[in-house]
Amino acid sequence: MVLRIKRKHLDEIFQHARRCYPAEACGILVGRREGEEKIVEKVYLTRNVLASTSEYRIDPIEQLKVFEEAEHQSLNIIGFYHSHPFWEPFWSKTDEDRSELWTGYSFLIVSLKTGKARAYIRRENRAEREEMAVI
């Protein structure tokens, strides 16, 4: 799979991360699937109810609203994003544990430390790097 994301959406995610600093920012990636590609059409900035520098949990009320809006617009939830304020954009044990129910979904991690982003996809029993194309 390839996660396709527009530069403006990636910039929006980084801006959200800077506004939330030092806490982790988080949000939802909405778009469409075309064959082996997941194309981000919208980025929803959500609140991290943990307000933590090392963990995130999307506000469940906001999450439900995004899911309903995506369905109403005939779009799909294709993944989620969060920031690492002080670390590289690497998949963590916490990320692994919290993604178990989201097989097939993308997880984008942005690092404020390095300015880099990495995508991962959740498989049945683990996550692996996912190709990401910034368009």
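The values are calculated or read from the model by the stated rules, or taken from the named source; none is laboratory data. Fair warning: this is a prediction, and the values are worked out from it, not measured in the lab. When we count neighbours, we look across all protein chains shown, and the Cβ atoms used for this are built from the backbone with ideal geometry, even at glycine.
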> So how many residues does region 66-102 have that are under 15 Å from His9 (Cβ atoms) and touching a residue at least 60 places away in the same chain (Cβ under 8 Å)?
Replying inline: 4
> Taking region 99-112, which residues are of a type outside the set (A, V, I, L, M) and surrounded by 13 or more Cβ atoms within 10 Å (Cβ to Cβ)?
Replying inline: Ser99, Trp102, Gly104, Tyr105, Ser106, Phe107, Ser111
>> For region 37-135, give me every one of the strands (runs of 3 or more DSSP E) that falls completely inside it and has 3 or more residues that are farther than 19 Å from His16 by Cβ and either of a type in the set (Asp, Glu) or modelled with pLDDT of 95 or more (or both).
In response: 37-46, 127-134
> Take the residues of region 1-36 that are assigned to a strand (DSSP E or B) and touching a residue at least 60 places away in the same chain (Cβ under 8 Å): which is surrounded by the fewest Cβ atoms within 10 Å (Cβ to Cβ)?
Replying inline: Val2
>> I'd like to verify a number: residues in region 50-95 that are more than 22 Å from Ile121 (Cα to Cα) and β-branched (Val, Ile, Thr), how many?
In response: 2
